[in-house]
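Structure, as structure tokens:
The values are calculated or read from the model by the stated rules, or taken from the named source; none is laboratory data. Treat the numbers as computed from the prediction; the structure is a model and nothing was measured. Note that each Cβ is placed from the backbone with ideal geometry, even for glycine, and that neighbours are counted across all protein chains shown.
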Amino acid sequence: MKKFNIQRKTFLRLVTFALIIVGLIFTANFAKNDVSANHPVLIEGERDFDGDGLLGAMEDADNATDRVYGTIAAALLAANGAANANGQAIIVTSGRFPEIVKIPNTDAGQMTLNGVTVLEAAPGVMADIDAVLAGNPNNAARQAAPGIIINTDQTDRSVILRNLHIRNWTDGILVSGAARVQLTNCRLDSNITFGIRAQGTSRVLISNTTVNASGMRFNPMPSVPNPGTGIRFEEQASGTVVDSVISGNTGTGLSNASTRQVLLARNTIFDNGTNVSGTSASSFAKLSEEIQLEVEEPQHNK
Ligand SMILES: [Ca+2]
Ligand SMILES: [Ca+2]
């Protein structure tokens, strides 16, 4: 009987030990494979949203449960419970963001999009993603780079940008690979090469967006436009531009050098170096009247 008790105790210890090992293995695998987020996170601009006295990098790192961040980059990565390129990142107080936004952020080891990635400013919030912030280090390095860089071969998940103001970069927004991107209600100016540039086999929808003054940058001295085009499609990129304003760009307003067609509807294209240029007669097409009527119908019913 005594002998049995010792064996049972040993047996229980072995079972406990085995369970701990299994638990550790499970935890390690879970951590390694946990790319999911898909919860909304908030980004503070230059005003403290959650009232904890922290802004910027301090807000990024304070804890893993508040889901509030001080930089766009931290809100889109995985640390401290952030979006991990899967979900919605909402800028909730106005401010200037002197940071290059990479989606996915390969420089930080985020090699893929983990889901639909949304970056937007809340209504009434001015989010100024600006290469130049007086007194801030690295203004010159940022001015030599694009502001928002979206590059992925994944075609089954979108990147959505809404209500952002992007200025003083080379390209304001550079889309490449096979990325699927929707830009709505964005404003771009003072980008020296291209306001919005689509390459590869990307597909880019541009709606309710204003692209002004590409090629005009004056920090700290006038830059040479290179070429200062508003919206540009290259390689096999394709897209649709609707309800947008393309004006005051030094080079071409809307340039399609891609082999694919770009669809247009209800845009104002005015006072650019050249308003529109394409590589062939079929570079552009108007969206059909049927599609326009469908879009406008709800307004008639008001
Ligand atoms: Ca805060
Ligand atoms: Ca925080």
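The table that follows gives values for the structure above.
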item: Selection from the range 88-137 of residues that are closer than 27 Å to ARG217 by Cβ and loosely packed, with under 14 Cβ neighbours inside 10 Å; result: THR106, ASP107, ALA134, GLY135, ASN136, PRO137
item: Members of the range 161-189 that are surrounded by fewer than 24 Cβ atoms within 10 Å (Cβ to Cβ) and either of a type in the set (S, T, N, Q) or assigned to a loop (DSSP other than H, G, I, E, B) (or both); result: ASN163, THR170, SER176, ALA178, GLN182, THR184, ASN185
item: All positions within the range 190-216 that are of a type outside the set (A, V, I, L, M, F, W, C) and either part of a strand (DSSP E or B) or not assigned by TED's automatic domain parsing to the domain that holds VAL241 (or both); result: GLY195, ARG197, ARG203, SER207, THR210, ASN212
item: Number of the exception - THR240 against (1) farther than 17 Å from ILE149 by Cβ; (2) surrounded by 21 or more Cβ atoms within 10 Å (Cβ to Cβ); (3) among the β-branched types (Val, Ile, Thr); result: (2)
item: Strands (runs of 3 or more DSSP E) completely within the range 237-302 that count 3 or more residues being modelled with pLDDT of 95 or more; result: 238-242, 245-247, 252-256, 262-265, 268-270, 274-278
item: Test: THR65 is near ligand 2 (Cβ under 10 Å from one of its atoms) and not in a helix (DSSP H, G or I); result: yes
item: MET58, sole failed condition from (1) among the aliphatic types (A, V, I, L, M); (2) surrounded by fewer than 22 Cβ atoms within 10 Å (Cβ to Cβ); (3) under 18 Å from the mean Cα position of the chain (by Cα); (4) not in a strand (DSSP E or B); result: (3)
item: Residue pairs meeting the criteria (Cβ under 7 Å; at least 6 apart or on separate chains; first assigned by TED's automatic domain parsing to the domain that holds ARG167, in the range 231-257; second among the acidic types (Asp, Glu)); result: SER247/ASP271; GLY248/ASP271; ALA257/GLU234
item: Unmet criterion (only one of (1) in contact with a Phe, Trp or Tyr (Cβ under 8 Å, 6 or more places away or on another chain); (2) more than 19 Å from ILE43 (Cα to Cα); (3) touching a residue at least 40 places away in the same chain (Cβ under 8 Å)) for ASN114; result: (1)
item: Selection from the range 138-160 of residues that are in contact with a strand residue (DSSP E or B) (Cβ under 6 Å, 6 or more places away or on another chain) and buried (at least 20 other Cβ atoms within 10 Å of the Cβ); result: PRO146, GLY147, ILE148, ILE149, ILE150, THR152, VAL159
